[in-house]
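The values are calculated or read from the model by the stated rules, or taken from the named source; none is laboratory data. In this text the structure is predicted, and so the values were computed from the model without any measurement. Note that each Cβ is placed from the backbone with ideal geometry, even for glycine, and that neighbours are counted across all protein chains shown. Surface areas here come from the heavy atoms of the whole protein model, side chains and all, with no ligands, DNA or RNA. Shrake-Rupley method; radii C 1.70, N 1.55, O 1.52, S 1.80 Å.
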Amino acid sequence: NDLDTFSAQRRLPVRLKTAALAAVFLAGTALISGGASAQTKFPSSIGLYGTTGLLDMPTAESAADGQLSTTVSHFAGITRNTLTFQITPRLSGSFRYSNHHSSTINNFDRSFDIQYQLLDEGRYLPAVAIGLRDFIGTGWYASEYIAATKNLNSKLKVTGGIGWGRLGSHNGFTNPLASIFGAGWNSRLAGVGLGGKPAFGNWFHGPAGFFGGVEWQTPIERLTFKAEYSSDAYTIETVTHSFFSRRSPFNFGLTYRFRNNNQISAYYLYGDQLGLSASLVLNPKNPPNRNGRGPAPAPVLTRADDDPRSTGWTAQADGEAILRANLAMLLAADGQKLDAFRVTATSAEVWFVNLRHEAVPQAIGRVARALSQILPGSVETLRIVPMQNGLPVLAVTLRRSDIEGLEHDPAGADEILKRAEISDPGQRPDKMYYADKRYSKFNWAIEPYVDFSLFDPDNPLRVDLGLRALGSYEPRPGLILSGSIKKRIIGNLSTVKRPSNSVIRHVRSDYGLYDKAGDPGIEHLTAEYFFKPGRNLYGRVTVGYLEKMYGGISTEVLWKPVNSKIAVGLELNVSRQRAFNQLLGFQSYAVVNGHASTYWDMGNGFSSQLDVGRYLAGDYGATVTVDRVFNNGWKVGTYFTLTNVSFSNFGEGSFDKGLQFTIPLAWATGKPTNKKNSFTIIPVTRDGGARLSVPNRLFGMVEDYQGDRLKRRWGRFWR
């Protein structure tokens, strides 16, 4: 299809009515005196593009920091599904999956937007933002803008702006930037390709156009009336394809915002169409249920001032065994598992597994309380070591007298942190006794599962529901034998019809064949060994059926000082492609792959990761990941991978990229649990830049237990 939106030679004169209209809007946003204060302006709303906006046009507003919104909008055969995240107070990003359906076309399109708020709204000056729509998509919605928004009072808000690309296609005029940067800025290349490549040479190029609008808070609480002048000519939809007849540039709508910030809107658009949209809004900072719905912690048992602190108890032959049994009982009641314990006349050391508390400091604080309950008075030094998969990840050394003296201090958590010694846990001491029945125990479960697939052109949403049987056996510390098998009960993942058209080795793009043949299928069947080869070092070896599509051996070592913002890891894998039925067989393809990785805690809740190495298709390159991590365990991030596979050989999407989310269950329920749900949204599954999916990579095991991540959550120590 010819999807060219703009001619490189297009020149439209400035029309009087456009200039007059733009003057009204810009004057209203920039020159009105006595504007609304921050306390009187009303909240931003979400438009048809799933971002802060009027109806079809953007505004210069930002959503609340950290806000996530999912918006579905529809008019004239155009459906847009948009996920928007307020990355920082000024920066937002959006991913959109659109369907364009008319008598001549049925097209699915992916696009990404970004907006940055340059200026906050002041008493006299408007908020100003700059934005890019569809800046690494196919170009269907490609446009750029600068917008200004001003609250005139508590009930009236105006926006004016200038746009390029689609936003300069109606009543467009010569690009004003051409007079500054040269005549080349008057030209804009057209065309829709494979997507995924930023069209830097097009940004803010070509004809420009004015847009603007008003928002009025009606007498009905939380109901807003909006009107706008659109600078989008909808050339693709009205000229190239017959979606609707664009009879007017004026749009009108009503938006109702619920108390939980969800909203619904109804529109009358372009003199020809009715439209609807609905937005679900949440913020990781604001849990739907209050925390603290679990059992209260045991009180600290304070030693009496006249306690003789006698050490005579050490002569009792079974004294340590009795203390160990009592501690195991208290920890089990609190959702913890005692791994090992030793005690001397003046010190005690506990190795434990946190099975309940999402905040690591809370688990450590609960262990400290339990120790105060069972230890003889002479024991003053407490060394607490949390473990992950049999691997010690941290050592916190506390004074018992501090625990006793600071329990009810308003600043007690901060003071405990100042006095605590946080260090590398080292190796387990020789004379440390395991808790009774801690090892050589088989655990199993049968649970429901949900698998889903997104963005298949034939069926954008596919879902399977079924049962999963899983089990694990831990014969000794750090050695874990585990596996899982699943059986579909109902679903349509197996109905993928289109074969892969990849021109490189099919290492991921045959996913439909695995879904079709693998029922039932072995998800994984592995032996894992976790160990500490030295100070600040962690190691892992995994052998078996590693994931849905690959088996083999995976080895990894991680260097991570407990108080460092930097970590470095090395991973080497020898993997072979599994048979499509996901049972015990293999295909002939085998590949050596692996990466050198650098992890950086950037501060302010942001972290980054750089992986450089060889991927499953034998291609070489690098993956960049950036995450925002919230103090309650939420994580929202994005990644992209560039390798020596060319954009054309990669195919649709041009390179691998995606969005990833981790949601703690405790955030949703308010009940104590350290379980989390993680998932990744991949716009297009191709073969370039594909990485082996290995469970329990080391950095993911230690990151919550160390550095600033641990300290930021230390306020929950007494909870």
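In table form, for the structure just shown:
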{"item": "Charge dipole magnitude, Cβ of K and R +1, D and E -1 - the chain, Cα centre, debye nearest 20", "result": "420"}
{"item": "Separation of alpha-carbon centers, the stretch 691-711 and the stretch 618-635, rounded to whole Å", "result": "11"}
{"item": "Equivalent-ellipsoid semi-axes of the stretch 94-154, from the Cα gyration tensor, Å, largest first", "result": "33, 13, 8"}
{"item": "Heavy-atom accessible surface of the chain: percent carbon and sulfur, 1.4 Å", "result": "59"}
{"item": "Of all DSSP beta bridges in the chain, antiparallel share, percent nearest 5", "result": "95"}
{"item": "Proximal lysines relative to residue 155, as straight alpha-carbon distance under 29 Å, when same-chain residues fewer than 8 apart are discounted", "result": "17, 41, 226, 285"}
{"item": "For semi-axes √(5λ) of the Cα gyration tensor in Å, calculated from these coordinates, the label among (i) 45, 30, 25; (ii) 53, 33, 21; (iii) 62, 27, 22", "result": "(ii)"}
{"item": "Accessible surface ranking that places the most exposed of 243, 352 first, with a 1.4 angstrom probe", "result": "243, 352"}
{"item": "Shape call, the stretch 443-494: gyration tensor on alpha carbons, a/c limit 1.5", "result": "prolate"}
{"item": "Accessible surface ranking that places the most exposed of 667, 164, 444 first, with a 1.4 angstrom probe", "result": "444, 667, 164"}
{"item": "Rounded to the nearest 10 Å², the accessible area of residue 234 at probe 1.4 Å", "result": "0"}
{"item": "Under 17 Å from the Cα of residue 157 - aspartates and glutamates, other chains or at least 8 residues apart", "result": "56, 61, 120, 121, 215, 221, 228"}
{"item": "With all protein chains modelled, accessible area of residue 92 [1.4 Å, Å²]", "result": "20"}
{"item": "The stretch 469-510-the stretch 161-240 distance, computed between alpha-carbon centres (Å)", "result": "45"}
{"item": "Virtual spin-label span in nm between residue 576 and residue 602, 7 Å along Cα→Cβ", "result": "4.2"}
{"item": "Given charges at Cβ of Lys, Arg, Asp, Glu: the chain dipole, positive-most of 465, 406, 370", "result": "465"}
{"item": "Inter-centroid distance (Cα atoms) of the stretch 283-325 relative to the stretch 99-116, Å", "result": "58"}
{"item": "Cα gyration tensor, the stretch 562-719 - rounded (a/c under 1.5), prolate or oblate", "result": "prolate"}
{"item": "Pairwise FRET efficiency - residue 564 versus residue 345, Cβ, R0 = 41 Å, nearest 0.05", "result": "0.75"}
{"item": "Pairwise label distance in nanometres, residue 671 with residue 450, each label 7 Å out on the Cα-Cβ vector", "result": "1.7"}
{"item": "Under Karplus coefficients 6.51, -1.76 and 1.60, residue-wise ³J(HN,Hα) of the stretch 400-414 in Hz, glycine/proline x", "result": "4, 5, 5, 4, 5, x, 10, 4, 9, 6, x, 9, x, 5, 4"}
{"item": "Shape of the stretch 313-421, Cα gyration tensor, a/c cut at 1.5", "result": "oblate"}
{"item": "Nitroxide proxy distance, nm - points 7 Å out along Cα→Cβ at residue 227 and residue 422", "result": "5.7"}
{"item": "Contact order relative to length of the stretch 63-193, as percent, for alpha carbon pairs under 8 angstrom and 6 or more apart", "result": "13"}
{"item": "Area of residue 97 that stays accessible when all protein chains are in place (1.4 Å probe, Å², to 10)", "result": "20"}
{"item": "Cα Rg, Dmax, the stretch 530-639, angstrom units", "result": "16.3, 47"}
{"item": "Per residue solvent-accessible surface (Å²) - the chain, probe of 1.4 Å", "result": "43"}
